[in-house]
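**Student:** The structure under discussion is supplied below as structure tokens; questions concerning it will follow.
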Amino acid sequence: MTYIFAHRGSSKSAPENTMAAFRKALEEKADGIELDVQLSKDKVPVIIHDESLKRTTGTKGFVGEYTVEELKRLDAGKWFSQKFKGEKIPTLEEVLIWLQPTCLYLNIEFKNNVLPYYGMEKIVHDLVCHYGLQDRVIYSSFNHYSLKELKKVNPRVDIAPLYSSGLYEPWKYAKSMTAESAHPHWRTLNQAILKGFKKHGIRVRPYTVNDTKKMKWMFENDVEAIITDTPEIARSVRAGTHQSKTAKFINTLQKINPKSLF
């Protein structure tokens, strides 16, 4: 079965990277959550996508220029809707505590490809281990040096390089990084690329798959997971795809041996 990861939480239903979006993803029965982590001025992992605070909080400056206490005073919800006025920027620790009793997987994306956050890899890894969630966490980034740095901290972690270009034989690149997963943009995938990934044992979780036809194609081709803004829609498409596969299987059995179903 292809898993469904809610991109920044259920980000079409609630303000991205907030507890409201994560709770909504759980309510919509996503299998996992994807979120973005940066460091505050005092080296606390916080959940926010942009390096600048302007778009989601209306505040000037960059995330790393504020302490976690200062970041917690900002409103990260009203830009999306007045209904979510007062939503705060979560810390990674808050998310891990909330996620612990659930069955959700977690994809942590290091947002350090524009601004460096020295030491972030170990800080985040140690926090994940503190809450015993290391077997449910995948680490991704567009900063592939950062993923290699994490491998130095713990060679057993599941790292997934993010990329948006048409890499030649991308499974070889993943192997060169000692990665067992890859998170390509969905446009870079075709049957031949997926076949190469599968042949070489690389798990594929494309982003950000919001079109229902593309979802159906991904489910039919049994990718490991899709990352989507609309987990509830993805679940309905997945259910339809599963039913279609089951019907085809039964039809094939009937053709081979009509008595095999009785």
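**Student:** Compute and list, largest first, the equivalent-ellipsoid semi-axes of the stretch 21-174 from the alpha carbon gyration tensor, each √(5λ) rounded to a whole angstrom.
**Tutor:** They are 25, 19, 16 Å, listed largest first.
**Student:** For the stretch 3-261, what log10 I(q)/I(0) values come out of the Debye formula at q = 0.17 1/Å, with one point per alpha carbon and no solvent?
**Tutor:** -1.34
**Student:** If the elastic network links every pair of Cα atoms under 10 Å, which of LEU133, LEU162, LEU26 fluctuates the most in the Gaussian network model of the chain?
**Tutor:** Result for the chain, Cα springs under 10 Å: LEU133 fluctuates most.
**Student:** Something else: For the chain, which span is the longest to avoid every loop-located (per DSSP) member of trypsin sites (Lys or Arg not before Pro) having at most 14 other Cβ atoms inside 10 Å?
**Tutor:** 157-262
**Student:** Aspartates and glutamates near LYS43 by alpha-carbon distance under 14 Å, same-chain residues fewer than 8 away left out - which ones?
**Tutor:** Result set, ordered by chain and number: GLU65, GLU69, GLU70, GLU93, GLU121, ASP126.
**Student:** Using a Förster distance of 35 Å, how high is the FRET efficiency between GLU69 and ASN154, based on the Cβ-Cβ distance and rounded to 0.05?
**Tutor:** On the way: r = 30 Å, r/R0 = 0.85.
In this case the efficiency is close to 0.70.
**Student:** Further question on the same structure: Any lysines with Cα under 17 Å of the LYS78 Cα? List them, leaving off those in the same chain fewer than 8 positions away.
**Tutor:** Straight-distance partners of LYS78: LYS12, LYS24, LYS54, LYS60, LYS88.
**Student:** I've got another one for you. Counting pairs of alpha carbon atoms under 8 Å apart in space and at least six apart in sequence, what relative contact order in percent does the stretch 3-261 give? Please report the intermediate quantities before stating the final value.
**Tutor:** On the way: 490 pairs, mean separation 45.3, N = 259.
The value is 17 percent.
Every read-out reported here was derived from the displayed coordinates using simple, explicitly stated rules and does not represent laboratory data. Since the structure is predicted, the reported quantities are computational estimates derived from the model, not experimental observations. Positions of Cβ are generated from backbone atoms using ideal geometry, with glycine treated the same way; all protein chains shown enter the neighbour counts.
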